[in-house]
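Report on the following structure.
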Amino acid sequence: MKVALGVTGCIAAYKSIEVMRGLQKAGVEVQVVLTRSAAEFVTPLAYESLSGLSVIQDMFRPELNRDIHHISLAQSIDLLAVVPATANILGKMAHGIADDFLSTLYLSNPAPVLIAPAMNVEMWRHAAVRANVETLRGRGHHFVNPESGMLACGVEGEGRLAAVDVIVDRILDVLGGCRDLAGLKVLVTAGPTVEDIDPIRFISNRSSGKMGYAVAQAARERGAEVTLVSGPVTLPVPAGVELVQVRSAAGMAEAVARLFPGTDIVVKAAAVADYRPAEPAGQKVKKGAAPRTITLERTEDILDRLGREKTGQVLVGFAAETENLLENARAKLVGKNLDLVVANDVTRGVFGEDSASVHILGKHGEDVTLRDRSKGAIARRILDLALETRRTRGDQTS
Ligand code: CTP
């Protein structure tokens with residue numbers, strides 16, 4: 001595993017030495033890239049004497065960089081981490097400005113990107129910085145947000161670089177699953193479905209799509225070819241993921257049926273409507289003429305069909321429950337012929353949240369509990385277990 005550690009110019013730059021050490025202890029090869037202003041705070045020698053590797057500095061002074069080209073470095077790394085990241089580098093990355101080695105490396109790098117910002121609280125809150133952070137998040141980059149505390153400028157607030165061990169853990173977490181899904185096709189469904197009553201009104205649910213989008217992003221980062229069939233949500237599409245937008249349960253059923261045969265792993269995180277209006281009105285239903293009741297009809301249970309038709313695909317379903325969580329989830333695992341089910345207690349307000357508590361139950365006795373974990377971390381664990389299921393089957397048949 002190799003990480004390019006970009007260090008930009010702020011007082012927290014010295015902490016990147018500890019980050020480098022933590023990664024090296026975990027067996028990760030680290031190539032440090034210092035910006036010109038970072039070199040005002042820390043000397044290349046500090047890294048070089050601890051890592052035994054030369055530090056990359058100025059793009060336009062090749063004598064400092066001993067045959068290292070940004071393109072060849074970009075091709076050789078598993079992750080680009082920018083620790084600490086100043087408001088300046090966030091702006092350059094967000095807007096594609098390439099005026100030094102680090103910003104040029106960023107643009108030529110196909111590997112995942114992790115950013116740990118550090119700056120003054122007012123800068124961190126500034127609309128320009130917020131917009132840049134959103135842009136970078138939208139590209140699927142990982143953020144280790146700054147902490148609150150006493151800042152170097154003497155004020156209290158959010159902006160202090162996250163703790164070194166938190167940053168190292170996140171980097172290892174992202175690297176952990178590196179490329180182990182390469183060559184596999186993963187199909188993910190996400191978000192709610194929308195069932196029209198008339199051109200104005202509809203029946204839907206509270207799903208935000210965050211869980212499914214996190215699964216799609218995690219699978220893509222691990223090298224899978226990912227198709228995301230999504231109901232209407234307002235989330236950015238993870239980089240490199242093919243999006244198929246649908247609206248209704250019928251639209252989702254049609255897209256999934258088409259894609260299912262060539263797929264290796266299916267994760268059905270979507271909250272699909274079980275019922276739809278039997279006779280949606282073509283024109284707006286007027287007040288006076290409004291019926292008191294809407295007749296509903298069943299939609300197809302997409303997952304149930306996949307369970308009957310599967311030919312080797314690993315099938316992961318979700319169980320959104322408000323009571324008898326494990327019992328209901330197990331019934332879905334068996335009833336829908338799933339390999340894994342993710343039991344989600346939705347009384348705890350998981351919709352739209354960035355984290356959740358879930359149980360992942362498997363056909364072969366798997367039973368994993370994850371409490372208050374980010375949806376990204378849950379997504380990675382689901383994929384670990386799905387991959388494990390595939391491997392176990394491979395072992396059994398060989
Ligand atoms: N699901 C599906 N098609 C449907 C309904 C649900 O594919 N028409 C899938 C969901 O994507 C999820 C799983 O089935 O992976 C369970 O969904 P959930 O809403 O928890 O349960 P239901 O099967 O609909 O059963 P119930 O509403 O009775 O709990």
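What do you get when you divide the Cα radius of gyration of region 2-175 by 2.2 N^0.38 Å, with N the number of residues?
That works out to 0.95 for region 2-175.
Can you run phi through the Karplus equation (6.51, -1.76, 1.60; θ = phi - 60°) for region 379-392 and list ³J(HN,Hα) in whole Hz, with x for Gly and Pro?
Calculated HN-Hα couplings, in order: 4, 5, 5, 4, 5, 4, 5, 5, 5, 4, 4, 4, 5, 4 Hz.
Charges on Cβ only, +1 for Lys and Arg, -1 for Asp and Glu, centred on the Cα centroid of region 146-240; of G157, V237, L181, which one is farthest towards the dipole's positive end?
So the residue we want is L181.
For the pair R179 and S108, how long in nm is the line joining their label points, each one 7 Å along Cα→Cβ?
Reported label-point gap for R179 and S108 is 1.9 nm.
Between A131 and I97, take the C-beta separation as r, use R0 = 22 Å, and let me know the FRET efficiency to the nearest 0.05.
Taking R0 as 22 Å, the efficiency between A131 and I97 is 0.90.
Once you have all Cα-Cα distances for region 185-397, histogram them in 5 Å bins from zero and send the whole-percent values.
Per 5 Å bin, starting at zero, the Cα-Cα P(r) for region 185-397 comes out as 1, 7, 15, 19, 20, 16, 9, 5, 3, 2, 1, 0, 0, 0 percent.
Just name one of H142, H69, V121: the one whose Cα is farthest towards the positive end of the charge dipole of region 2-175 (beta-carbon charges, Lys/Arg +1, Asp/Glu -1).
Positive-most Cα among the choices belongs to H142.
Treating only the Cβ of Lys, Arg, Asp and Glu as charged (+1, +1, -1, -1), what charge dipole size does the chain show about its Cα centre? Round to the nearest 20 debye.
Numbers: 46 positive and 47 negative charges, 166 e Å.
In debye, rounded to 20, the chain gives about 800.
What trypsin sites (Lys or Arg not before Pro) in region 324-387 are in a loop by DSSP, with at most 16 other Cβ atoms within 10 Å of the Cβ?
Within region 324-387, the qualifying trypsin sites (Lys or Arg not before Pro) (loop, at most 16 other Cβ atoms within 10 Å) are K363.
Give the whole-number value, in cubic angstrom per residue, of the convex hull volume spanned by the C-alpha atoms of region 293-333.
About 97 Å³ per residue, rounded to a whole number.
Once R0 is set to 25 Å, what does the formula 1/(1 + (r/R0)^6) return for the Cβ-Cβ distance between I200 and A250, expressed as a FRET efficiency to the nearest 0.05?
Approximately 0.80, to the nearest 0.05.
Which whole-number percent gives the relative contact order of region 1-143, counting Cα pairs below 8 Å spaced six or more residues apart?
26
Using only DSSP helix segments of four residues or longer, with each worth -39500 (n - 2.57), what per-residue ellipticity at 222 nm results for the chain after dividing by its residue count and rounding to 500?
-10500 deg cm²/dmol
Which lysines, if any, have their Cα less than 20 Å from the Cα of K210, not counting same-chain residues under 8 positions apart?
Once the sequence-local lysines are set aside, what remains near K210 is K268, K375.
What percentages, rounded to whole numbers, describe P(r) for the chain computed over all alpha carbon pairs with 20 Å bin width beginning at zero?
Calculated P(r), rounded to whole percents: 25, 48, 24, 3, 0.
Amide H to amide H under 5 Å from V194: which residues, 5+ apart in sequence or cross-chain, H placed 1.01 Å off N in plane?
S248, A249
Relative to the longest principal Cα axis of the chain, at what angle does helix 325-335 sit, 0 to 90 degrees, rounded to 10?
The angle comes out at about 70 degrees.
Rg and Dmax in Å for region 310-398, alpha carbons only: what are they?
So, for region 310-398, Rg and Dmax equal 13.3, 44 Å respectively.
Using only Cα atoms, find the angle between the long axis of helix 15-25 and the longest principal axis of the chain, and express it within 0 to 90 degrees, rounded to the nearest 10.
Approximately 70 degrees, to the nearest ten.
Quick check on region 87-166: what are the equivalent-ellipsoid semi-axes from the Cα gyration tensor, as sqrt(5λ), descending, whole Å?
Three semi-axes, in Å: 23, 14, 11.
Under a 5 Å amide H to amide H cut-off, with H placed in plane at 1.01 Å, what residues pair with V244 once short-range neighbours are removed?
For V244, whose amide H was placed from the backbone, the distant partners under 5 Å are L228, V229, S230.
Every number here is computed from the coordinates shown, using simple stated rules; none is lab data. Everything quoted here is computed from the prediction, not taken from an experiment. Heads up, the Cβs are rebuilt from the backbone with ideal geometry, glycines too, and the neighbour counts pull from every protein chain shown.
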